[in-house]
Amino acid sequence: MTYETESAPLFDALAAAAEDQIVYDLPGIEARYDTLRRELPGVAVRFAMKACPVDEVLGRLALRGSGVDAASPDEVTQALRAGVPVERMHYGNTVKSDRNIADVFRLGIRDFATDSLEDVTALAEHAPGARVFCRLATTGEGALWGLSNKYGCSPADAVDVLTTARDNGLVPAGLSVHVGSQQMTADAWRGAFDRIADVLTALAERGMSLDHVNLGGGLPALGYRDKHGRPLDPPMDKIFAVIREGMERLREIEGHRLGFVVEPGRYLIADHGAIRAHVARLSARSQANGERQYWLYLSCGKFNGLYEMDQLQYRLVFPSHRGAESVPAVVAGPTCDSDDAYSHENGLVPVPKALASGDPVWVLSCGAYATSYMTQGFNGFRPLPYTWIDGGAHAS
Ligand SMILES: *Cc1c(COP(=O)(O)O)cnc(C)c1O
């Protein structure tokens with residue numbers, strides 16, 4: 001199978017842009033959603049909206065049947081405004097104050113992630129009768145961002161949490177995991193299914209029956225390069241095959257009637273958003289170590305669109321210098337912060353030697369976590385405006 005990460009309409013829109021901006025390719029995002037539905041038949045999609053909290057994106061995904069995974073009252077409010085039905089939303093944040101719970105319960109949210117007895121007690125009080133799903137901890141191994149120990153509990157704790165939920169008038173409805181963001185291995189999914197299976201078995205022995213398993217996020221973007229500038233190239237066919245096998249296995253565990261949910265974030269968006277930026281300066285300097293080094297400074301960087309640039313490399317296109325002589329450079333953003341640069345462990349990027357200040361640069365596969373991670377204007381560099389390619393909205 002081939003995956004489309006370069007679309008002609010997106011390139012046309014970048015070429016037409018006279019000023020810096022981020023462009024979302026809505027038909028591209030829809031196509032990726034359709035691919036996911038084909039690969040994981042019958043699985044409900046709840047888009048992790050923090051990856052792209054843009055009304056037009058939320059609205060188009062909702063027309064196709066997607067819901068959202070929301071993490072704050074303001075996210076719920078935005079999703080409602082964008083046309084996502086509240087029945088297709090859940091509150092996926094295990095971290096919440098009493099007030100957060102009461103606010104989203106009032107907005108109509110009835111499904112909540114949890115991972116502790118303290119949180120369950122608060123849910124029983126501020127969202128009486130709600131459905132809860134318990135998040136299991138994962139190692140995050142194999143992912144670019146492992147999510148550390150901030151979320152999730154052990155299998156033994158999960159049994160306690162769901163039992164306590166039931167005893168407090170809540171509905172113990174499901175289990176969830178997140179295998180880590182930009183998860184590159186199928187093995188991580190295998191490990192997650194093992195843990196889920198153990199808990200389902202333990203719950204069935206106690207007479208508790210769940211109705212769903214939430215497989216979380218972690219599905220990777222396809223178009224990133226690593227710190228060395230090499231394509232990451234995730235094994236998508238294998239990952240999807242392992243997920244399908246895992247779901248089959250879980251369905252065979254007696255005592256439950258399971259549906260499945262996924263919460264993709266970057267997988268749906270990353271490859272279908274791109275930034276039109278421009279060159280601030282290409283310069284060469286002798287550094288402290290005495291080596292002469294080219295640096296390409298762009299008009300945008302970590303604080304206005306490329307937040308993850310210190311963990312990976314986005315592909316660059318220099319439309320006014322195609323095929324020109326190149327020099328190896330470190331790529332960096334415009335601010336006075338040293339993290340505002342590509343990670344460049346042996347990963348210099350070939351850039352046209354003749355680049356001049358003002359020349360356009362296209363940054364590809366940077367749609368995920370772009371608008372949501374922009375600062376108010378660090379060093380006075382403003383957040384980028386966004387626009388989108390429509391392609392003729394159609395419901396299906
Ligand atoms: C951020 C998040 C996601 C999406 O993660 P990706 O790695 O972008 O797919 C999904 N679920 C939860 C609970 C999250 O916090």
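The values are calculated or read from the model by the stated rules, or taken from the named source; none is laboratory data. Just so you know, these numbers come straight off a predicted model, no measurement behind them. Neighbour counts run over all protein chains shown; Cβ positions are idealised from the backbone, glycine included. Accessible surface areas use protein heavy atoms only, side chains included; no ligands, DNA or RNA. Shrake-Rupley method; radii C 1.70, N 1.55, O 1.52, S 1.80 Å.
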Inset, instruction - Kindly list the number of the only condition in (1) out of contact with any Asp or Glu (no Cβ under 9 Å at 6 or more places or on another chain); (2) open to solvent by 20 Å² or more (accessible area, probe 1.4 Å) that fails for TRP362. - result: (2)
Legend entry - region 62-78, residues that are open to solvent by 20 Å² or more (accessible area, probe 1.4 Å) and within 14 Å of the ligand (Cβ to nearest atom): ASP69, ALA71, SER72, GLU75
Legend entry - Residues (open to solvent by 20 Å² or more (accessible area, probe 1.4 Å), outside any helix (DSSP H, G or I) and in contact (Cβ under 8 Å) with a residue 12 or more places away in the chain) located in region 10-61: GLU19, ASP20, GLN21, GLY42, ALA44, ARG46, PRO53
Legend entry - Matching residues, region 225-272, being part of a helix (DSSP H, G or I) and under 13 Å from SER365 (Cα atoms): ARG266, TYR267, LEU268, ILE269, ALA270, ASP271, HIS272
Inset, instruction - Output the residue which, of all residues in region 257-275 that are small (Gly, Ala, Ser) and open to solvent by less than 10 Å² (accessible area, probe 1.4 Å), is farthest from the ligand (Cβ to nearest atom). - result: ALA274
Inset, instruction - Find the residue count for region 137-161, including only residues that are crowded, with 16+ Cβ neighbours inside 10 Å and in contact with a Ser or Thr (Cβ under 9 Å, 6 or more places away or on another chain). - result: 12
Inset, instruction - Could you check, for region 180-194, whether at least one of its residues is aromatic (Phe, Trp, Tyr) and under 16 Å from ILE253 (Cα atoms)? - result: yes
Legend entry - Subset of region 283-323 [of a type in the set (D, E, K, R), open to solvent by 30 Å² or more (accessible area, probe 1.4 Å) and within 22 Å of ALA221 (Cβ to Cβ)]: ASP310, ARG315
Inset, instruction - Within region 199-244, track down each residue that is charged (D, E, K, R) and either over 22 Å from the mean Cα position of the chain (by Cα) or within 22 Å of PHE112 (Cβ to Cβ) (or both). - result: GLU205, ARG206, ASP211
Inset, instruction - Report yes if some residue within region 373-395 is closer than 19 Å to PRO231 by Cβ, among the aliphatic types (A, V, I, L, M) and buried (at least 20 other Cβ atoms within 10 Å of the Cβ); otherwise report no. - result: no
Legend entry - Top-ranked residue in region 333-346 [being within 19 Å of GLN376 (Cα to Cα) and in contact with a Leu (Cβ under 9 Å, 6 or more places away or on another chain); ranked as surrounded by the most Cβ atoms within 10 Å (Cβ to Cβ)]: GLY333
